[in-house]
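So the structure is just underneath, and the comments pick up after that.
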Amino acid sequence: MNYIGGSWAALEATLRNFLRPVVTESRPSKPARPPESRSERYRASFALTTDEHAQGTCIGCKMCENICPSGVITVTAGPKIESKATGKKRGSAADFVLDLQGCIFCEMCVQVCPEDSIVMRRVQQAPTYSREGLVLTMERLYANEKALPATWGNGTVLREAQEPKRGEAPPAPAAEAAPKAAAPVAEATPKAAPDAPTGGTT
Ligand code: SF4
Ligand code: SF4
C-alpha cells in the first residue's frame, strides 16, 4: 500500500512540474542572457589585462597563486622585461593557468593582485563537454579581456572598499560598560558555636 501511495505522489509531482512554465535556461542550444541583464558584481569567469601598449600587466609575483584557497592557479614567472609604459624593468609571467573546475569564485586572487592584472568577467565560458574546456590558459585569459564584459572590481577597487584598509590598525573596540556597583552585602550573622559534645566514650 505504501508503494502505491509513494508512486502516486511521485507521479503527481511529475505531472505538476510538467505543466509549470520552464524557468531554467537551456544551454548551449539557446544563447546566454545578455550581460547587461546581470549584476555588475556577477562573477563568472576571468581575464588577464593588458596595458595601453598591449603588453600583459602580470608581473609573475604569484600572489594570486599563493592566496587561492582552491589551489587552481599556477603562475610560471618569466624574465625581467622592460615595461613599455614606464620604461622600467619589471617581472613578467611566462605562463598562467587557472582551472575553473575547482574555483569557488571567492575573488581573493583579484583582491591581492598588485597590478590589477587578474580580473573577473560576468559571463561564463561557453559550455564544454571536456574537462580541458574549463582550463583557462594564459592565451584564453588574455582573449577574455576583450571578449567578455568586466565585473565592477579589480584589485585597486576592492582594496579601496576594504575597511579597515590594509596596513591600518582595526578600530578600537567599544569601551566596556562600567561594572555595576556591588550590592551591599548583609552582615553575616555569626553562626552559633557548635554544641559542646555531651558525651563520649572514655
Ligand atoms: S576566485 Fe578564489 S578560488 Fe577562484 S581562482 Fe580566484 S582565489 Fe582561487
Ligand atoms: S595576476 Fe597579479 S597577483 Fe597573479 S602573478 Fe600576475 S601580477 Fe601577481
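The values are calculated or read from the model by the stated rules, or taken from the named source; none is laboratory data. A quick note: this is a predicted structure, and the numbers were derived from the prediction, not measured. Every residue, glycine as well, gets a Cβ built from its backbone with ideal geometry; the counts of neighbours run over all protein chains shown.
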Legend entry - Residue in segment 21-28 that is assigned to a loop (DSSP other than H, G, I, E, B), crowded, with 17+ Cβ neighbours inside 10 Å and among the acidic types (D, E) present: no
Legend entry - Test result for F105, surrounded by 16 or more Cβ atoms within 10 Å (Cβ to Cβ) and under 20 Å from G155 (Cα atoms): no
Legend entry - One residue from R38, R122, R90, R43 being within 12 Å of ligand 2 (Cβ to nearest atom) and in contact with a Lys or Arg (Cβ under 8 Å, 6 or more places away or on another chain): R90
Legend entry - Unmet requirement for G71, which otherwise passes all of (1) assigned to a loop (DSSP other than H, G, I, E, B); (2) under 21 Å from W152 (Cβ atoms); (3) in contact with a helix residue (DSSP H, G or I) (Cβ under 9 Å, 6 or more places away or on another chain): (2)
Inset, instruction - Any chance you could count how many residues in segment 125-142 are within 16 Å of ligand 2 (Cβ to nearest atom) and part of a helix (DSSP H, G or I)? - result: 5
Legend entry - Options V97, V110; residue that is crowded, with 17+ Cβ neighbours inside 10 Å and not in a loop (DSSP other than H, G, I, E, B): V110
Legend entry - Index of the failed condition, I59 passing every other in (1) touching a Lys or Arg at 6+ places or on another chain (Cβ under 9 Å); (2) surrounded by 10 or more Cβ atoms within 10 Å (Cβ to Cβ); (3) without any contact (Cβ under 8 Å) to a residue 12 or more places away in the chain: (3)
Legend entry - Test result for E82, under 22 Å from R140 (Cβ atoms), in contact with a Lys or Arg (Cβ under 8 Å, 6 or more places away or on another chain), of a type in the set (D, E, K, R) and at pLDDT 95 or above: no
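Yes/no per residue for (1) of a type in the set (D, E, K, R); (2) within 14 Å of ligand 1 (Cβ to nearest atom); (3) part of a strand (DSSP E or B):
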| site | (1), (2), (3) |
| --- | --- |
| A47 | no, yes, yes |
| I59 | no, no, no |
| T86 | no, no, no |
| C106 | no, yes, no |
| P114 | no, no, no |
| M120 | no, yes, yes |
| V123 | no, no, no |
Inset, instruction - Of the numbered conditions (1) among the aliphatic types (A, V, I, L, M); (2) surrounded by fewer than 16 Cβ atoms within 10 Å (Cβ to Cβ); (3) without any contact (Cβ under 8 Å) to a residue 60 or more places away in the chain, A126 fails exactly one; give the number of that condition. - result: (3)
Inset, instruction - Please work out if T156 is surrounded by 10 or more Cβ atoms within 10 Å (Cβ to Cβ), in a loop (DSSP other than H, G, I, E, B) and either at pLDDT 95 or above or hydroxyl-bearing (S, T, Y) (or both). - result: no
